[in-house]
1. Would you work out which of LEU253, PHE348, LEU280 lies farthest towards the positive end of the dipole of the chain? Charges go on Cβ: Lys and Arg +1, Asp and Glu -1.
2. Solvent-accessible area of TYR206, probe 1.4 Å, all protein chains present, reported in Å² to the nearest ten, please.
3. What lysines could a cross-link reach from LYS279, if we take a straight Cα to Cα line under 24 Å and drop same-chain neighbours fewer than 8 places away?
4. Which residue, PRO230, PRO186, PRO30, tops the fluctuation ranking in a GNM of the chain built on C-alpha contacts under 10 Å?
5. Which GluC sites (Glu not before Pro) does region 195-303 hold that lie in a coil by DSSP with at most 13 other beta carbons within 10 Å?
6. Determine the dipole magnitude for region 162-262: charges of +1 sit on the beta-carbon of Lys and Arg, -1 on that of Asp and Glu, nothing else is charged, the reference point is the Cα centre, and the result goes in debye to the nearest 20.
7. Suppose we keep just the DSSP beta bridges with both residues in the chain; what percent of those would be antiparallel, to 5?
8. Let's see if you can work this out: charge +1 on each Lys and Arg Cβ, -1 on each Asp and Glu Cβ, no other charges. What is the dipole magnitude of the chain about its Cα centre, in debye to the nearest 20?
Amino acid sequence: MIPYARQNISDLDIEAVIAVLKSDFLTQGPKVLEFEKAIANYSGAKFAVAVSNATSALHIACLAAGLTSQDTLWTSPISFVASANCGLYCGAKVKFCDIHPKTYNLDPEVLETKLREAAAASDLPKIVIPVHLAGQSCDMKKISELAKKYSLTIIEDASHAIGGSYRNKKIGNCEFSDMTVFSFHPVKIITTGEGGVITTNNPQLYEKLISLRSHGITRAQDKLERNDGPWYYEQQGMGFNYRLTDIQAALGLSQLTRLDTFVERRNELADMYGRLLNKLPLTLPEIDADCVSAFHLYIVCLDRSRTDMNHREIFEKLRAAEIGVNLHYIPIYRQPYYSRMGYRIQDFPIAEQYYSTAISLPMFFDLSANDQEYVAETLKTILSRN
Ligand SMILES: *Cc1c(COP(=O)(O)O)cnc(C)c1O
């Protein structure tokens, strides 16, 4: 089976991990700090906080922003469940905003309309989480204007997008948001096995994130409320054990040196797919002029003006041909856990249309030209049987 995604681990990555295994620190130590500095430096944000995965990153980002059970969080329905679950972890209400028909990202026009209505009903969200689907940034300029107007906190879920750019700057610089979250799960652009990072330019948020990541405990002499002796530390708030290990950070640091190469290759693969697939009844990814996509995913949609072939059947045939296509994502409101809360499918016509046509084709650094041609040929054969 050609998978839809796969990590690339080099000998240098392996050596970096072994070196940590022989060192004094296995869990959070000097490598985590070094990794955070490297991520902040790469993305252009002032601070970076490394955590156990992007799910915990989203959770403590929401807590740092003060999300409580009195509040509401809005996000895109076309995302991994973690983008919405983080709101529920805090006891908040979660609402979804429909996607844009071309980018499949949260639609800023829909967002604007819904915010106007919410303001009139005194039901504004505290947090909005735009998700950079497949690695292409949302319209952050527009979203940040709305954030100013309605006093929203913006957390970018950039789990797909490290290495991508928006308006000539790296995603993660937080010019248009309060915090940005990256994921280092093995299917993503770079990996630490499990891992995540939050970037921010706000020193208060940074302090809160550091505390939330590790039990709400501080050992910093200048922050203690009292000092009982040399053993002393304080739990000053509630927190978790969401730490990354030095083993993982060493892998991340080593992977980070190849991030630009990874993203370049993914863009080449995307260009090649564009050439191989352009005559088929598919809508291919359209990258906005403001964006360089990190191309975590290569998503095609059946063009319903040109084919009425059954979506599920195409999927089954591709899988039968050993092509590990996938669907990113099942709209979150359709998940049984969410649908029991009363979300209505008819509120999200574009997400529904997307769900009935989208296919993620294999996209990863080591995807060979042969495999890519095989994917294109197979699709062509399947789609021409109309
Ligand atoms: C992968 C992913 C997450 C969760 O990342 P983990 O590191 O696996 O917790 C969250 N949001 C999106 C959009 C993702 O793709």
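1. PHE348
2. Counting only protein heavy atoms, TYR206 exposes about 50 Å² to solvent.
3. Once the sequence-local lysines are set aside, what remains near LYS279 is LYS102, LYS317, LYS380.
4. Of the options given, PRO230 has the highest mean-square fluctuation.
5. Filter output for region 195-303: GLU225, GLU286.
6. Charge dipole of region 162-262: 320 debye, to the nearest 20.
7. Of the beta bridges lying entirely in the chain, close to 65 percent run antiparallel.
8. Charge dipole of the chain: 520 debye, to the nearest 20.
The values are calculated or read from the model by the stated rules, or taken from the named source; none is laboratory data. Note that the coordinates shown come from a computational prediction; the quantities given were computed from them, not determined experimentally. Quick reminder, even Gly has a Cβ in these numbers, built from the backbone with ideal geometry, and neighbours come from all protein chains shown. To get the accessible areas, we keep the full protein, side chains included, count just its heavy atoms, and leave off ligands, DNA and RNA. Shrake-Rupley method; radii C 1.70, N 1.55, O 1.52, S 1.80 Å.
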